[in-house]
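To start, the structure under review is shown below, and the notes come after it.
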Amino acid sequence: MHILTCWEALKHHIAAEGTLTDATLQDLNTIFERLLPLALEIIDRSWIQRISAPCGQSLYVVKGKSQAQYICIGDFCPCQFFVNSVLTGEALLCKHLLAVQIRDLLHPPIEASPVTNEQFNAFLTSEPVTAQSPAKRPRLADHRSAGGHVQRELQY
């Protein structure tokens, strides 16, 4: 069976289950052996934020270990692995898109942070945020409430 066909079938299974079972993790590891632990770390650390605009569009902000933020839209990620390996056909997904796709299938789904259309456009038209460059796009900021819960909000 083709790897893309296996991944599509596995996505349907994860969506139906709403969780990752040991068997599902084994299947994921078969397809994404090097990337799976990295994607699961992104999910475990809650480094994925879904941003939605009133126009109905959504994107995902995925934080990396180096504090870089990647804006993932649809099946696109601006990371170097995506450019060098996914676009060339050597890999199916990068760790950022794999994390987004897995997390989006789990229950409960990623809650969207609503923004205005103008704020949404700021994500799309600003410079990427990397560990080497200053923040030029809205960034996610974690804040602890008095009860110890972490809340995320956009900083401009």
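The values are calculated or read from the model by the stated rules, or taken from the named source; none is laboratory data. These numbers were taken from a predicted model, which means no experiment stands behind them. Quick reminder, even Gly has a Cβ in these numbers, built from the backbone with ideal geometry, and neighbours come from all protein chains shown. These accessible areas exclude ligands, DNA and RNA; they are computed on the full protein's heavy atoms, side chains included. Shrake-Rupley method; radii C 1.70, N 1.55, O 1.52, S 1.80 Å.
Worth pointing out:
- With respect to being open to solvent by less than 50 Å² (accessible area, probe 1.4 Å) and under 19 Å from LEU4 (Cα atoms), LEU28 fits the description.
- In the stretch 36-67, the residues that are among the basic types (Lys, Arg) and surrounded by 19 or more Cβ atoms within 10 Å (Cβ to Cβ): LYS63
- Lone unmet requirement of (1) farther than 21 Å from ILE110 by Cα; (2) part of a helix (DSSP H, G or I); (3) open to solvent by 70 Å² or more (accessible area, probe 1.4 Å) for GLU33: (2)
- Qualifying positions in the stretch 53-73 - among the hydroxyl-bearing types (Ser, Thr, Tyr) and within 17 Å of LEU105 (Cα to Cα): SER58, TYR60
- Residue-level check: of (1) out of contact with any Ser or Thr (no Cβ under 8 Å at 6 or more places or on another chain); (2) open to solvent by 70 Å² or more (accessible area, probe 1.4 Å); (3) modelled with pLDDT under 95, HIS13 misses just (1).
- Elements of the type strands (runs of 3 or more DSSP E) sitting completely within the stretch 78-155 and holding at least 1 residues that are at pLDDT below 70 and surrounded by 14 or more Cβ atoms within 10 Å (Cβ to Cβ): these cover 139-144, 150-155.
- Residue match in the stretch 41-54 (condition: in a loop (DSSP other than H, G, I, E, B), under 15 Å from the mean Cα position of the chain (by Cα) and not hydrophobic (A, V, I, L, M, F, W, C)): yes
- Residues located in the stretch 68-77, provided they are open to solvent by 90 Å² or more (accessible area, probe 1.4 Å) and of a type outside the set (A, V, I, L, M, F, W, C): ASP75
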